[in-house]
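Reading through the structure tokens given below for one structure.
Since every read-out is calculated from the coordinates, none of them should be taken as a lab result. Source: prediction; values computed, not measured. Methodologically, a virtual Cβ is constructed for each residue, glycine included, from the backbone with ideal geometry; neighbour enumeration extends over all protein chains shown.
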Amino acid sequence: MEPATDSPGLTLRTPEGRPYLFDPGALCLELLPTGGPGLLARYEVLHESADLARWAARSRLPGGLDLTVGPGELADARALRDALHRLAGDRAHGRALAARDLDVVNERAAREPLVARIDVGAGVGAVRAWAPGATGDQLLSTVARDAVDLFTGPHAHRIRECGSHDCHLLFVDTSRPGRRRWCAMERCGNRSKARAHRARQALSGAGEGGA
């Protein structure tokens with residue numbers, strides 16, 4: 001993952017190395033591309049405490065977070081992420097949410113979250129900042145609370161998995177029409193269009209050949 005532009009979301013890379021912007025629509029879902037349970041473990045990027053701090057800096061959280069992450073908090077981050085993976089996948093496919101995964105989220109959400117504050121900005125303005133001494137535990141509580149808001153909010157029914165057969169990225173469709181199908185149009189959307197175009201050409205060629 002790389003820092004995104006001013007637009008919300010994360011800059012990911014295709015297997016060929018091409019960057020693309022993926023906006024999952026919620027902070028809690030931004031944690032999912034860092035790895036996951038089962039076969040998704042091959043994509044693990046949270047190997048060291050600094051990796052979680054780097055993810056926070058690249059997330060949709062406001063900048064300037066001075067974060068200290070302990071080894072135990074890194075393991076907690078992976079456990080929360082894996083629970084969120086399963087919950088989001090279950091919600092996307094209309095399955096019942098597992099109690100054990102809900103327990104992971106609820107236990108984490110019950111802890112102290114990150115604390116925001118107001119600092120002096122340029123001129124007479126003010127800027128949003130973070131209280132010093134932020135911990136990985138507080139970060140995970142903030143992520144879990146975001147998940148509570150998502151799974152109980154008005155867009156819960158719009159949690160989806162990318163429509164491509166070989167992509168498993170999960171997102172919440174916050175668009176007004178609610179017709180988002182792809183993780184990103186510039187990746188899976190364009191690939192789908194290219195496949196459909198080739199299929200039409202093949203069908204047209206077969207029809208001409210049989211004439």
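Highest mobility in the GNM of the chain, judged by mean-square fluctuation with C-alpha springs under 10 Å and restricted to His47, His165, His85, is found for His165. Compared with the dominant Cα axis of the chain, that is its longest principal axis, helix 49-58 is turned about 70°.
Could you compute Rg(Cα) / (2.2 N^0.38 Å) for segment 13-120, with N its residue count?
Working: Rg = 15.0 Å, N = 108, 2.2 N^0.38 = 13.0 Å.
Normalised Rg, Cα atoms only: 1.15.
Listed values for segment 71-82 are Karplus-derived 3J(HN,Hα) couplings in whole Hz (6.51 cos²θ - 1.76 cosθ + 1.60, θ = phi - 60°), namely x, x, 5, 5, 5, 5, 5, 5, 5, 5, 4, 5, and x replaces Gly and Pro. Treating the Cα atoms of the chain as identical point scatterers in vacuum, please give the log10 of the normalised Debye intensity I(q)/I(0) at q = 0.08, 0.19 Å⁻¹, two decimals. Taken in order of the listed q values, log10 I(q)/I(0) reads -0.33, -1.47.
Which residues make up the longest stretch of the chain that has no GluC sites (Glu not before Pro) in a DSSP loop with at most 14 other Cβ atoms within 10 Å?
On the way: sites that count: Glu16, Glu44, Glu48.
Excluding the exposed sites themselves, the longest stretch runs over 49-211.
When restricted to Cα atoms, segment 61-152 yields an Rg and a Dmax of 15.7, 52 Å, respectively.
Counting only alpha carbon atoms, the long axis of helix 190-209 and the longest principal axis of the chain meet at about 0°. For the chain, the relative contact order comes to 20 percent (Cα pairs under 8 Å, sequence separation of at least 6). The trypsin sites (Lys or Arg not before Pro) of segment 56-102 meeting both criteria, a DSSP state outside H, G, I, E and B (loop) and at most 11 other C-beta atoms within 10 angstrom of the site's C-beta, are Arg95.
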